[in-house]
Amino acid sequence: MSTQANPYFSRRTLLGTALALSIHTPHALAQSKQLLRISTPAVADDWHARMWTVLKDKLDKAAPGQFDVQINLNASLFKQGAEPVAMARGNLEMASISAFDIAKIVPEFSIFTAGYVIRDPAHLMKVFNGPIGVELFKRVSEKMDLTMLSPLYLGTRQLNLREARPVRTPADLKGVKLRMPGSKEWLFLGETLGATATPLAFGEVYLGLKTGTIDAQDNPLPTVRSAKFYEVTKQISLTSHLVDSLFICVPNTLWNALNAEQKTKLQTAAQTAAQYNNAQRIKDETELIAFLKAQGLSITTPDVDAFRKSVQTAYLQSDYAKVWPSGLLERINATR
Ligand code: KDO
């Protein structure tokens, strides 16, 4: 395999040498800070954008002068989903990537892109902070050259429609142009909901809803608020189809070049940021229904069992499920 075609491995040695020089050498450490460029598509007002400032403050206090944290929001540095390749190429030092990004390279991770697998935020954190997380993060490290520092709760994804309509079962979404992020794993999720999934970058969703090039989008309620999707939509259908996650990570080369104290400080800062995001987001999800109603949206509850049945059946019959390690679904279900 050509090294050029596989950015996950091509820059490993070069980047490792550069990092070893800048971090292992006490002299260099005194002179240069470890650059930590962060890229996210999140808007400034969303909790998983604000959490980066929490990480930066924590790290600046714990390790003064050692890290140069640079936060880039709104996909201004790299487009959504391009972060893993940017990290592999040595152009980015930190990101929060999704299970969908990971599943492209580590197919078994697609179990977390499937609707109605993770039950709630507590279940999510238990799964990823326990033995399942350890095993799968090892695979991610081997195949993507990334070290996972902390999982975080992105929120529970709900259906958000431009025009109000009765939504009881997936059949009611027939022909609805549902925007999903642009990968086949995301599009599959959209299709399992009964809609016609159409790819669009996060930054274009507001305009797409406003002009009618799409009929609907799905995101957690805190994002509906922070990205102001409520201004251009009329209904939320509480499908709760995906308890969604992100994973704060850094390239292995960067991680391996840090000393033990720096590793602890960086991981603690990432975990603190994730906890901040999770707490705010969980609180928001309970309070935002009232806010969205006040904005004039109708909030409806579909037959969630019908959605669950249809989505789970579609996944279990798909090629995705064929590569899920045997027993993993049962272990996830048994995690309490
Ligand atoms: C989105 O594009 O709908 C999504 O919610 C997908 C997530 O994986 C993540 O990229 C998120 O957008 C961005 O961080 C913006 O909130």
The chain: relative contact order from alpha carbon pairs under 8 Å, six or more residues apart, as a whole percent, is 25 percent
Averaged per residue, the 1.4 Å probe accessible area of the chain, protein heavy atoms only, in Å², is roughly 43 Å²
If each K or R counts +1 and each D or E counts -1, the residues other than ASN333 whose Cβ falls under 14 Å of its Cβ total +3
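Which of rounded, prolate or oblate describes the range 172-213 when judged by the alpha-carbon gyration tensor and an a/c cut-off of 1.5?
Numbers: a/c = 3.23, a/b = 1.26, b/c = 2.55.
The shape class here is oblate.
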Square roots of five times the C-alpha gyration tensor eigenvalues of the range 151-264, ordered largest first and given in whole Å, equal 33, 15, 13
For the chain, the Cα convex hull volume per residue in Å³ comes to 130 Å³
Whole-percent carbon and sulfur contribution to the accessible surface of the range 33-334 (1.4 Å, no ligands, DNA or RNA) stands at 53 percent
Sequence order, the range 127-143: Karplus ³J(HN,Hα) from phi using 6.51 cos²θ - 1.76 cosθ + 1.60, θ = phi - 60°, Hz rounded, Gly and Pro as x, gives 4, 7, 8, x, x, 5, x, 4, 4, 6, 5, 5, 4, 5, 4, 5, 8
Too long for a 28 Å Cα-Cα cut-off, among LYS79/LYS138; LYS56/LYS126; LYS33/LYS184; LYS126/LYS293, are LYS33/LYS184; LYS126/LYS293
With only helices counted (DSSP H, runs n ≥ 4, each -39500 (n - 2.57)), the per-residue ellipticity at 222 nm for the chain, to the nearest 500, works out to -13500 deg cm²/dmol
Of 254-267, 88-101, ordering from highest average Cβ density within 10 Å down gives 88-101, 254-267
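The values are calculated or read from the model by the stated rules, or taken from the named source; none is laboratory data. The model shown is predicted, which means the values in this text are computed figures rather than measured ones. So basically every Cβ, Gly included, is an ideal-geometry build from the backbone, and we count neighbours across all protein chains shown. These area figures cover heavy atoms from the full protein model, side chains too; ligands, DNA and RNA do not enter into them. Shrake-Rupley method; radii C 1.70, N 1.55, O 1.52, S 1.80 Å.
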